[in-house]
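Participant: Got a structure here, written out as C-alpha cells. Questions coming.
The values are calculated or read from the model by the stated rules, or taken from the named source; none is laboratory data. Everything numeric here is computed off the predicted structure, so don't read it as measured data. When we count neighbours, we look across all protein chains shown, and the Cβ atoms used for this are built from the backbone with ideal geometry, even at glycine. Remember, those area values only see protein heavy atoms, side chains included, never the ligands or the DNA or RNA. Shrake-Rupley method; radii C 1.70, N 1.55, O 1.52, S 1.80 Å.
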Amino acid sequence: MGMATATYPMNRAESQAKAQIFADGTARAQVATHDIGTGTYTVMTQIAAENLGLPVQKVHFERGDTKLPNAPVSGGSQTVASVGSAVKMAALAVRSKAIALATNDSASPLHGLTEAQVDVENGRLVSKANPTTGETYRDLLRRNKMDSLEAESGAKPGDEKKRYAMHSFGAQFAEVGVDATSGEIRVRRFVGAFATGHIMNAKTARSQFLGGMVWGIGMALLEETRHDYHLGRVMNADLSEYLLPVNLDVPQIEVIMVDEDDPHVNPLGAKGIGEIRITGATAAIANAVFHATGKRVRDLPITLDKVFSRLG
C-alpha cells in the first residue's frame with residue numbers, strides 16, 4: 001500500500017466575457033478561451049444559465065475566436081476560476097440591465113420595484129415578495145421593441161493571495177502488487193480524495209480526476225521519452241514504443257470529492273482541478289512499490305528492470 005498527499009495553487013488571471021439576452025428568450029455567453037476537452041463548454045454554459053436564471057438548454061456558449069472578449073489560455077488549472085468568474089460577472093451585468101428595463105417600464109408588472117426586490121427564475125423576472133408577479137425576458141424585450149440586451153464585464157485577481165493561502169488539496173492511495181520473480185508491477189486499486197473548492201459539475205470533475213489518476217499510472221510505470229544522445233532525436237515518438245496505460249493497466253478507481261466553501265478565492269469559490277489530480281498519483285504508486293519491496297526507485301518510470309535489479 002502507498003499513499004501521497006497533494007497540493008496545487010489556485011491560479012487565476014484577468015478575463016473578460018460578454019453576455020446577451022435575446023428577444024426569443026435565449027441567451028449567449030462569449031469568451032475567447034478554448035476547450036481542450038475538460039468540459040469548458042458545459043461548465044461555462046451552466047454558469048451563464050445559473051446567473052441569468054435560464055435553463056441550460058436556452059443558453060449558448062461561444063469561444064475560441066480572438067474577436068471575442070479576452071481570456072487566458074487553458075493552463076495552470078485556471079480556466080474555471082478565471083473565465084468562469086468573468087462569465088458570471090457578465091451574466092449578472094446583463095441581468096441587471098434587464099431588471100432595470102423592467103422596473104422603469106410603466107407597462108411592466110415590476111414597475112417601481114428596486115433591483116434588490118426582483119429575482120429571475122426559469123427565464124422570468126419576478127417579484128421576490130410575490131413570485132406570481134413578473135414577466136419573461138421575451139415579453140420584456142418584445143414590448144420594448146429590442147432584439148437583445150448585452151453587457152461585457154470581467155474579473156481579475158486582487159490582493160487576496162497576499163492575505164490567504166489558496167490551494168487545492170488531495171490525498172491518493174494505491175494498492176500495488178509486485179511479482180517477486182519478474183518484478184512486474186500492477187496497480188490493483190486506486191483511491192483519490194480531493195478538495196478543490198466549489199465543484200461546478202460533478203460529472204465532468206469526476207472524469208478529470210479519473211483521467212489524472214490514470215495519467216499517474218502512466219507516469220509512474222510506463223511513460224518514458226528516449227533520446228538518441230548523439231543526434232538529440234526522440235527515438236520513441238509514436239504510440240507503438242511510447243507506452244501509455246491501456247484498459248488492463250487501469251484498476252478500480254474511486255474518486256472522493258470534498259466540496260469546500262471558500263469565499264476568498266474568486267466569485268465562484270472554485271479552485272482548479274486540472275493538475276491536482278495527478279500531483280500525488282505517481283508518488284502514491286512509488287510508495288506502494290517501496291512498501292512491497294523495501295527498495296526505493298527514484299527515477300521514473302519504475303520499470304521491470306529497475307525493480308528486478310533491486311530485488312535481486
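Participant: Of the residues G75, G39, G64, which single one is farther than 30 Å from Q117 by Cβ, open to solvent by less than 20 Å² (accessible area, probe 1.4 Å) and modelled with pLDDT under 90?
Facilitator: G39
Participant: Still on this structure, I have one more. Among the candidates V258, V178, single out the residue that is under 17 Å from the mean Cα position of the chain (by Cα), at pLDDT below 95 and aliphatic (A, V, I, L, M).
Facilitator: Only one candidate passes the filter, namely V258.
Participant: Further question on the same structure: Which residues, taken from the range 86-138, are basic (K, R) and surrounded by fewer than 16 Cβ atoms within 10 Å (Cβ to Cβ)?
Facilitator: Residues satisfying the conditions are K97, K128.
Participant: Oh, and also: Please work out which one of (1) among the hydroxyl-bearing types (S, T, Y); (2) touching a residue at least 60 places away in the same chain (Cβ under 8 Å); (3) touching a Lys or Arg at 6+ places or on another chain (Cβ under 9 Å) is the condition S108 fails and give its number.
Facilitator: Among (1) among the hydroxyl-bearing types (S, T, Y); (2) touching a residue at least 60 places away in the same chain (Cβ under 8 Å); (3) touching a Lys or Arg at 6+ places or on another chain (Cβ under 9 Å), S108 violates only (2).
Participant: Within the range 140-165, which residues are surrounded by 13 or more Cβ atoms within 10 Å (Cβ to Cβ) and either part of a helix (DSSP H, G or I) or among the acidic types (D, E) (or both)?
Facilitator: Passing the criteria: L140, L141, R142, R143, E150, E152, E160, K161.
Participant: Which of the helices (runs of 4 or more DSSP H) contained wholly in the range 196-312 include at least 2 residues that are in contact with a strand residue (DSSP E or B) (Cβ under 8 Å, 6 or more places away or on another chain) and not aliphatic (A, V, I, L, M)?
Facilitator: By residue number, 202-221, 276-279, 281-293.
Participant: S240 passes all but one of (1) surrounded by 13 or more Cβ atoms within 10 Å (Cβ to Cβ); (2) under 23 Å from E184 (Cα atoms); which number fails?
Facilitator: (1)
Participant: Please state which one of T5, T40, T79 is closer than 30 Å to A281 by Cβ and over 17 Å from the mean Cα position of the chain (by Cα).
Facilitator: None of the other options fit; the residue is T5.
Participant: Just give me the residues in the range 197-231 being closer than 30 Å to A48 by Cβ, hydroxyl-bearing (S, T, Y) and out of contact with any helix residue (DSSP H, G or I) (no Cβ under 7 Å at 6 or more places or on another chain), in sequence order.
Facilitator: S207
Participant: Based on what the data block shows, is T279 open to solvent by 40 Å² or more (accessible area, probe 1.4 Å), of a type in the set (S, T, N, Q) and within 27 Å of G84 (Cα to Cα)? Spell out the reasoning first.
Facilitator: Working: open to solvent by 40 Å² or more (accessible area, probe 1.4 Å): yes; of a type in the set (S, T, N, Q): yes; within 27 Å of G84 (Cα to Cα): yes.
Spelling it out, T279 is indeed open to solvent by 40 Å² or more (accessible area, probe 1.4 Å), of a type in the set (S, T, N, Q) and within 27 Å of G84 (Cα to Cα).
Participant: A follow-up question, please. If you go through the range 181-193 one residue at a time, do you hit one that is within 22 Å of the chain's Cα centre (by Cα), aliphatic (A, V, I, L, M), closer than 16 Å to A286 by Cβ and surrounded by 21 or more Cβ atoms within 10 Å (Cβ to Cβ)?
Facilitator: no
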